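Participant: Dumping the structure here so I can ask a few things about it.
Read-outs: derived from the displayed coordinates by stated rules, not from any lab. Owing to the predicted nature of the structure, the values given are computational and were not obtained by experimental measurement. Positions of Cβ are backbone-derived with ideal geometry, glycine not excepted, and every protein chain shown enters the neighbour counts.
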Amino acid sequence: MLVNPIKDGIVLDHIKAGNAMEIYHALGLDELDCQVAIIKNCDSAKMGKKDILKINEHIDINLDVLGYLDPGITVNFIKDSKIYDRKHLELPMEIKDVIKCKNPRCITSTEQELSHIFKLSNREKGVYRCIYCEASAK
Amino acid sequence: MRSLIDIKDLSLEEIDELIETANDIIENPEKYSQKCKGKKLATLFFEPSTRTRLSFEAAMYELGGNVLGFSEANSSSASKGESVADTSRVVSCYADIIAMRHPKEGAPLVASQNASIPVINAGDGGHNHPTQTLADLLTIKREKGRLDNFCIGFCGDLKFGRTVHSLISALSGYKNIKIILISPNELVIPDYIKEEILIKNNIEFVETRSLEEAMPELDVLYMTRVQGERFFNEADYIRLRDSYILDLHKLENAKKDLAILHPLPRVNEISVAVDDDKRACYFKQVLNGKFIRMALIMKLLEVK
Ligand SMILES: [Zn+2]
């Protein structure tokens with residue numbers, strides 16, 4: 001299968017196989033009219049199988065959202081067909097308005113204007129806790 | 001400007017400093033009787049808790065200050081739908097410090113993010129109650145003379161008991177603490193407390209079902225109430241409530257200098273016969289609660 005290399009844009013590599021569509025939606029790519037190639041189940045020496053997203057434009061990407069969804073992703077920024085910057089993601093310390101607190105006793109359940117903010121409390125297990133009630137996100 | 005929302009907001013040094021001030025207040029109350037003259041404490045109690053509110057109000061009066069506020073949500077603007085953020089901005093115009101009790105977890109944090117004066121969390125749902133923990137620490141320090149090198153047993157509802165979680169978290173900073181967790185299977189301590197506090201801080205702990213077996217080893221026994229509202233089934237509640245009652249018979253194997261604590265109110269988990277035993281410290285704990293709140297109010301108002 002052939003997908004042309006992109007000249008200018010962003011390539012999200014090493015996406016866990018099967019996650020590409022979730023990330024496509026989480027980044028709001030469905031609402032943009034730039035060209036996006038979704039490549040699923042490629043062979044990967046490192047991962048066995050992986051997904052790749054190629055975005056044919058320089059858009060603002062929320063790396064915290066991306067890191068939260070899949071900290072294994074590599075983000076390649078491409079200009080004139082060359083990678084000029086590469087970021088290896090990790091779990092962000094804090095995420096804001098990415099997920100909602102589900103604890104019915106939490107103040108965010110009654111006060112709608114509050115941001116839903118979570119802090120990383122256990123990196124090995126990837127546990128995030130609501131800053132208001134400390135309920136874990138999972 | 002500082003607030004106290006979670007006991008973890010305070011360093012060990014700050015806790016020691018508060019305990020020292022509280023001890024000095026107990027020794028020399030007259031020295032402190034005018035420290036907060038002209039200052040106002042707003043007690044914003046969105047759910048009733050007479051005991052905690054009276055403790056805060058007595059603390060402020062004994063510092064020579066004044067108190068204003070409300071004691072339940074329907075007498076406040078919250079019943080008209082005002083947000084916690086707005087209420088705390090408004091109250092900042094009238095008072096110098098806020099003590100807030102709220103049924104929703106995290107409400108005092110929201111208040112502290114919006115108020116221009118210090119906020120003390122006086123209990124947010126089943127979440128935090130840091131001044132209770134300070135009262136517990138002051139009581140242990142006064143009774144045992146130290147906050148390290150002792151064995152403490154927590155008995156009763158360890159699953160929902162926020163005072164237990166919070167005291168365990170506060171004790172995790174001290175050296176050589178051994179913790180014995182005594183509860184029925186249905187009310188054991190949550191895994192995250194074990195993983196994120198006990199194991200992470202290398203604290204020695206044991207879980208058991210039997211208060212009697214644990215008793216001889218204890219320097220401090222922290223009893224808790226098994227709350228009826230936590231159960232769906234009345235029969236389960238009655239069976240569990242009655243399985244962890246402290247009476248004089250169970251105390252026979254206890255150390256002579258055991259300190260028995262309880263955050264109160266009790267139902268029947270401590271037999272009234274124990275009240276006259278010199279090891280019963282729960283009423284002293286109430287009094288200590290007032291003194292440590294005095295120390296805290298002074299600290300947050302930066303009164304010297
Ligand atoms: Zn929450």
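Participant: Project the alpha carbons of region B:130-286 onto their principal axes and report the range along each, largest first, in whole Å.
Facilitator: Between the extreme Cα coordinates on each principal axis of region B:130-286 lie 41, 37, 30 Å.
Participant: Using Cα positions and a limit of under 18 Å, work out the aspartates and glutamates in reach of B:Lys8, with same-chain residues fewer than 8 apart set aside.
Facilitator: Reachable aspartates and glutamates: A:Glu134, B:Asp16, B:Glu17, B:Glu105, B:Asp124, B:Asp136, B:Asp148, B:Glu195, B:Glu196.
Participant: Moving on. Can you work out the Karplus-derived ³J(HN,Hα) for every residue in region B:5-19? Use 6.51 cos²θ - 1.76 cosθ + 1.60 with θ = phi - 60°, whole Hz, and x for glycine or proline.
Facilitator: Ordered by residue, 3J(HN,Hα) equals 9, 9, 4, 5, 5, 9, 7, 4, 5, 5, 5, 4, 5, 5, 5 Hz.
Participant: How large is ³J(HN,Hα), in whole Hz, for each residue of region B:291-298 in order, when computed from phi with the Karplus curve 6.51 cos²θ - 1.76 cosθ + 1.60 and θ = phi - 60°, using x for Gly and Pro?
Facilitator: My calculation for region B:291-298 gives 5, 6, 5, 4, 4, 5, 4, 4 Hz in order.
Participant: Next question, about the same structure. Under 5 Å between amide hydrogens, which residues at least 5 positions from A:Cys106 or on another chain qualify, with H placed 1.01 Å from N in the peptide plane?
Facilitator: Result for A:Cys106 returns B:Glu105.
Participant: Also, I was wondering about something else. Choose one answer from B:Ile199, B:Ile292, B:Ile168: the residue with the largest mean-square fluctuation in a GNM of chain B with alpha-carbon springs under 10 Å.
Facilitator: Judging by the Gaussian network model, the answer is B:Ile199.
Participant: Turning to a different aspect of this structure: List the lysines whose Cα lies under 20 Å from the Cα of A:Lys100, skipping any in the same chain that are fewer than 8 positions away.
Facilitator: Leaving aside lysines fewer than 8 places away in the same chain, those within reach of A:Lys100 are A:Lys119, A:Lys125, A:Lys138, B:Lys104.
Participant: 5 Å is the cut-off here: which amide hydrogens, built 1.01 Å from N in the peptide plane, fall below it relative to B:Ala122, excluding neighbours closer than 5 in sequence?
Facilitator: B:Met100, B:Arg101
Participant: Can you tell me what share of the DSSP beta bridges in chain B is antiparallel? A percent to the nearest 5 is fine.
Facilitator: In chain B, approximately 5 percent of DSSP beta bridges are antiparallel ones.
Participant: Which value at 222 nm does chain B reach when only helices count, each DSSP H run of 4 or more adding -39,500 (n - 2.57), with the total divided by all residues and rounded to the nearest 500 deg cm²/dmol? Don't skip to the answer; put the middle values down first.
Facilitator: Numbers: 9 runs with 103 residues, N = 304.
That calculation yields -10500 deg cm²/dmol at 222 nm.
Participant: Then there is this: Sequence-distant or interchain residues sharing an amide H contact under 5 Å with B:Gly65, placed H: which?
Facilitator: B:Cys36
Participant: Okay, next question. Towards the positive end of the charge dipole of the protein assembly as shown, with charges on Cβ (+1 Lys, Arg; -1 Asp, Glu), say which of B:Tyr94, A:Leu69, B:Ser210 has the farthest Cα.
Facilitator: Checking the options against the dipole of the protein assembly as shown, the answer is B:Tyr94.
Participant: Compute the angle between helix B:130-144 and the longest alpha-carbon principal axis of chain B, please, reported from 0 to 90 degrees and rounded to the nearest 10.
Facilitator: That helix lies at roughly 50 degrees to the long axis.
Participant: Would you kindly compute the Cα radius of gyration of chain B and its largest Cα-Cα separation (Dmax), both in Å?
Facilitator: Here Rg and the maximum Cα pair distance are 19.3, 56 Å.
Participant: Looking only at B:Leu221, B:Leu240, B:Leu134, which one moves most when chain B is put into a Gaussian network model with springs between Cα atoms under 10 Å?
Facilitator: It is B:Leu240.
Participant: Additional query: Taking a cut-off of 22 Å between Cα atoms, list the lysines near B:Lys35, but don't count ones fewer than 8 places away on the same chain.
Facilitator: B:Lys290, B:Lys299, B:Lys304
Participant: Then there is this: Are there cysteines in chain A with no second cysteine's Cβ under 4.7 Å away, and if so, which?
Facilitator: A:Cys34, A:Cys42
Participant: Hand me the tally of lysine pairs in region B:108-188: alpha carbons under 18 angstrom apart, and the pair either on different chains or 8 or more positions apart. Provide the component values of the computation, followed by the final result.
Facilitator: Values: B:Lys141/B:Lys175; B:Lys141/B:Lys178; B:Lys144/B:Lys175; B:Lys144/B:Lys178.
The number of close lysine pairs in region B:108-188 is 4.
Participant: Please list, in order along region B:32-45, the HN-Hα scalar couplings obtained from phi with the Karplus expression 6.51 cos²θ - 1.76 cosθ + 1.60 (θ = phi - 60°), rounded to whole Hz, x for Gly and Pro.
Facilitator: Going residue by residue, I get 9, 5, 10, 4, 10, 4, x, 9, 10, 9, 9, 9, 9, 10 Hz, with x marking Gly and Pro.
Participant: So, one more: To one decimal place, what orientation-averaged projected area in nm² is obtained for the convex hull of the Cα set of the protein assembly as shown? Spell out each step's value before the answer.
Facilitator: Values: hull surface 107.0 nm².
Quarter of the Cα hull surface area: 26.8 nm².
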